[in-house]
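The values are calculated or read from the model by the stated rules, or taken from the named source; none is laboratory data. The structure displayed is predicted, hence computed values, not measured ones. Cβ sites come from the backbone with ideal geometry, for glycine too, and all protein chains shown count toward neighbours. Accessible surface areas use protein heavy atoms only, side chains included; no ligands, DNA or RNA. Shrake-Rupley method; radii C 1.70, N 1.55, O 1.52, S 1.80 Å.
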Amino acid sequence: MSADTDAGFAEKDGVLCADGVPLPAIAQKCGTPSYVYSAGRMATNAQALEDAFRAALPPRSQPLIAYACKANGNTAVLKLFSKRGFGADVVSGGELMRALRGGMTPEKIVFSGVGKTDEEIAFALETKVRQINVESGPELRRISALARRAGVRAPVALRFNPDVDAGTHAKITTGKSENKFGLAEEDVRSLYAVAAKDDALTLRGLSIHIGSQLTSVEPFAQAFGKLARLAADLKAQGLKLDTLDLGGGLGIAYRDERGPCLKDYAAAVRDIIHPLGADIIVEPGRFLTGDAGLLLARILYIKESRGRKYMILDAGMNDLIRPSLYDAWHPIRPVAGKGGGAATEHYDVVGPVCETGDTFAKNRALPADAQPGDLVAVMAAGAYGFSMSSRYNSRPHPPEILVRKGRFDVIRQREDIRDIINEDLVPAWLDT
Ligand SMILES: *Cc1c(COP(=O)(O)O)cnc(C)c1O
């Protein structure tokens with residue numbers, strides 16, 4: 001790729017830009033609220049991860065990077081990654097369909113999730129995905145039965161729950177024994193032996209995914225260690241194991257935290273996993289898209305009440321639910337004309353949705369002279385932003401805009417409320 005000096009979000013002449021495009025120009029054309037993505041930043045993130053693995057591992061042992069589509073599943077975003085040779089980690093039949101549409105080849109698609117339906121399993125088999133990551137004994141038996149019925153062998157890996165604390169928010173921890181995800185070690189051992197003897201299954205290996213927004217390599221290294229010991233044991237018993245899927249979870253900077261050092265992460269993969277000689281898969285989601293997106297909103301009102309100042313935006317929790325759901329902290333920046341030394345005030349930044357939880361930030365320092373009509377950007381909203389959005393309060397989904405090298409494209413239209421209402425069906429007995 002050619003050098004892209006404007007990649008990412010940066011101020012130019014006092015105006016916040018995305019890959020060189022001033023955000024007010026996007027707001028003017030597309031309205032607000034809108035999701036704006038930087039293709040340059042996505043590429044930079046992808047490159048950083050590739051570089052870390054290239055430096056750590058020999059060319060023949062490079063991991064398959066299976067982008068976790070649930071972070072941001074827009075077809076254009078998937079295309080951007082599939083063109084780099086990335087695969088996909090999908091958690092539903094819908095995501096599998098998206099990944100295929102996004103250009104991911106089936107042999108690079110991993111199907112994860114605790115509750116796959118018969119239809120989804122059948123679709124995955126028909127599509128010939130690389131592997132289905134299995135999370136329970138009953139699921140393994142369903143997959144086997146469905147594969148037998150279809151006259152194929154189902155490629156499966158068992159998801160091991162290594163019981164390590166990822167040190168992240170309780171709602172995004174997945175690798176503790178009390179979480180619903182994965183199989184305990186003793187269950188992996190017994191099911192692995194069962195699966196090995198089942199001629200409707202092809203055993204690929206093991207997978208883990210211990211949580212999201214990890215900020216240190218330590219929990220990864222612990223989980224890799226447990227995974228490696230278990231894998232070595234299974235191999236010693238003569239069982240087939242050709243793939244180790246290490247899951248996602250790489251964190252990003254939202255506030256003052258930092259994501260894990262990629263060099264150390266890749267070194268942990270090299271030191272702990274690589275010696276087993278298996279194919280390696282990683283499933284980053286947030287790391288690739290999180291800081292490459294923002295939610296562009298306009299101030300509707302400044303309201304003062306009992307000594308508090310509220311900045312009321314035209315974006316709400318239906319557009320970006322992370323602050324309400326996980327107490328997530330997102331940077332909020334004025335888009336224009338409120339440069340460095342300007343006086344600030346503390347605001348509660350809220351949306352129009354009828355929920356007290358519809359609050360993006362409390363007591364946030366923002367320009368004292370902020371006015372209705374001004375644009376603000378809720379930063380680091382490129383992962384689990386649009387993909388978790390809803391239409392609560394009959395608010396249409398916002399559009400998504402992808403910017404690259406000074407140009408932007410709408411990659412998803414703003415919904416029209418009339419179309420949404422037309423999805424309702426009124427039974428004949430009421431329609432008189
Ligand atoms: C959500 C998820 C991921 C991606 O997690 P990030 O924290 O976004 O990297 C990867 N693998 C599985 C199985 C997941 O459920």
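Distance between Cα centroids, region 1-70 to region 362-420: provide it in whole Å.
17
Nearest 20 debye, what's the magnitude of the dipole of region 222-298 about its Cα centre given +1 on Lys and Arg Cβ and -1 on Asp and Glu Cβ?
Details: 10 positive and 10 negative charges, 23 e Å.
The dipole magnitude comes to about 100 debye.
Positive end of the charge dipole of region 1-102 (Lys, Arg +1 and Asp, Glu -1 on Cβ, about the Cα centre): tell me which of 14, 43, 92 has its Cα farthest that way.
Comparing the listed Cα positions along the dipole, 92 ranks first.
Report, by chain and number, residues whose modeled amide H sits under 5 Å from the one on residue 67, excluding near sequence neighbours (fewer than 5 apart, same chain).
Placed amide hydrogens put 87, 88, 89 under 5 Å from residue 67.
Using only Cα atoms, tell me the angle between helix 185-196 and the longest principal axis of the chain; keep it within 0 to 90° and round to the nearest 10.
60
Where does the charge balance sit around residue 271 when Lys and Arg score +1, Asp and Glu -1, over other residues with C-beta under 14 Å from its C-beta? Before the final figure, lay out each step's value.
Numbers: positive: 229, 263, 270; negative: 218, 264.
Net charge in that neighbourhood comes out at +1.
Going highest first, how would you order 380-387, 96-103, 235-242 by mean Cβ packing within 10 Å? Mind dumping the intermediate values first?
Values: 380-387: 25.6, 96-103: 19.2, 235-242: 13.6.
Peptide ranking by packing, descending: 380-387, 96-103, 235-242.
Taking every DSSP beta bridge that has both residues in the chain, what percent is antiparallel when rounded to the nearest 5? Write down the numbers at each step before the final one.
Numbers: 36 of 70 bridges.
Of those bridges, close to 50 percent are antiparallel.
Could you name the lysines in cross-link range of residue 176, using Cα to Cα under 26 Å and dropping any fewer than eight places away on the same chain?
Partners found: 70, 116, 226, 235, 263.
Using Cα springs under 10 Å in a Gaussian network model of the chain, which residue among 315, 18, 27 shows the largest mean-square fluctuation?
27
Looking at the calculated P(r) for region 1-42, what percent of the C-alpha pair distances fall above 11 Å?
Numbers: 552 of 861 pairs.
Of all Cα-Cα distances in region 1-42, 64 percent exceed 11 Å.
For region 307-352, what does the convex hull of the Cα positions come to per residue, in cubic angstrom?
On the way: hull volume 4.6 nm³, N = 46.
It comes to 101 Å³ per residue, whole-number rounded.
So, with +1 on the Cβ of K and R and -1 on the Cβ of D and E, and no other charges, what is the size of the charge dipole of the chain about its Cα centre, to the nearest 20 debye? If you can, show how the numbers build up before the last one.
Working: 54 positive and 53 negative charges, 133 e Å.
Around 640 debye, computed over the chain.
Compute the projected area of the convex hull of the Cα atoms of region 228-353, averaged over all viewing directions, and report it in nm² to one decimal place.
Working: hull surface 47.2 nm².
Result: a mean projected hull area of 11.8 nm².
Rg and Dmax in Å for region 1-154, alpha carbons only: what are they?
Cα-based Rg and Dmax for region 1-154 come out at 19.4, 64 Å.
Amide H to amide H, which residues 5 or more places from residue 247 or on other chains are under 5 Å from it, using H placed in the peptide plane?
Excluding prolines and chain starts, which carry no amide H, the hits are 208, 283.
Could you list log10 I(q)/I(0) for region 305-432 at q = 0.12, 0.16, 0.19, 0.20 Å⁻¹, which the Debye formula gives when each Cα is one point scatterer?
Taken in order of the listed q values, log10 I(q)/I(0) reads -0.57, -0.91, -1.17, -1.25.
Under a 5 Å amide H to amide H cut-off, with H placed in plane at 1.01 Å, what residues pair with residue 154 once short-range neighbours are removed?
Close amide H contacts, sequence-distant or interchain: 201, 202.
Give me the Debye-computed log₁₀ of I(q)/I(0) at q = 0.17, 0.18, 0.21, 0.24 Å⁻¹ for region 91-198, equal point scatterers on Cα only, no solvent, two decimals.
-0.83, -0.91, -1.12, -1.28
Using each residue's phi in region 153-169, evaluate 6.51 cos²θ - 1.76 cosθ + 1.60 at θ = phi - 60° and report the 3J(HN,Hα) Karplus result to the nearest Hz, with x for Gly and Pro.
Running phi through 6.51 cos²θ - 1.76 cosθ + 1.60 with θ = phi - 60° gives 9, 8, x, 10, 10, 9, 8, 8, 9, x, 6, 10, 8, 6, x, 10, 4 Hz.
Can you tell me the 0 to 90 degree angle between the C-alpha axis of helix 39-56 and the longest principal axis of the chain, rounded to 10?
30
Return one number: the angle in degrees, 0 to 90 and rounded to the nearest 10, between the long axis of the Cα atoms of helix 137-150 and the longest principal axis of the Cα atoms of the chain.
80
Taking only the alpha-carbon atoms of the chain, what semi-axes of the equivalent ellipsoid follow from 5 times the gyration tensor eigenvalues under a square root, in whole Å, largest first? Display every interim value, and only then the final one.
Numbers: eigenvalues 326, 127, 81 Å².
One finds semi-axes of 40, 25, 20 Å for the chain.
How much of the accessible area of the chain, in percent, comes from carbon and sulfur atoms when a 1.4 Å probe is used?
50
Please give the contour-minus-distance gain from residue 417 to residue 345: 0.36 nm per residue of separation, less the Cα-Cα distance, rounded to one decimal in nm. Show your work: numbers first, answer last.
Working: separation 72, 0.36 × 72 = 25.92 nm, distance 3.56 nm.
Extra length available between residue 417 and residue 345 comes to 22.4 nm.
Just the number please: accessible area per residue for the chain, 1.4 Å probe, all protein chains included, in Å². Don't skip to the answer; put the middle values down first.
On the way: 19250 Å² over 432 residues.
I get 45 Å² per residue for this part.
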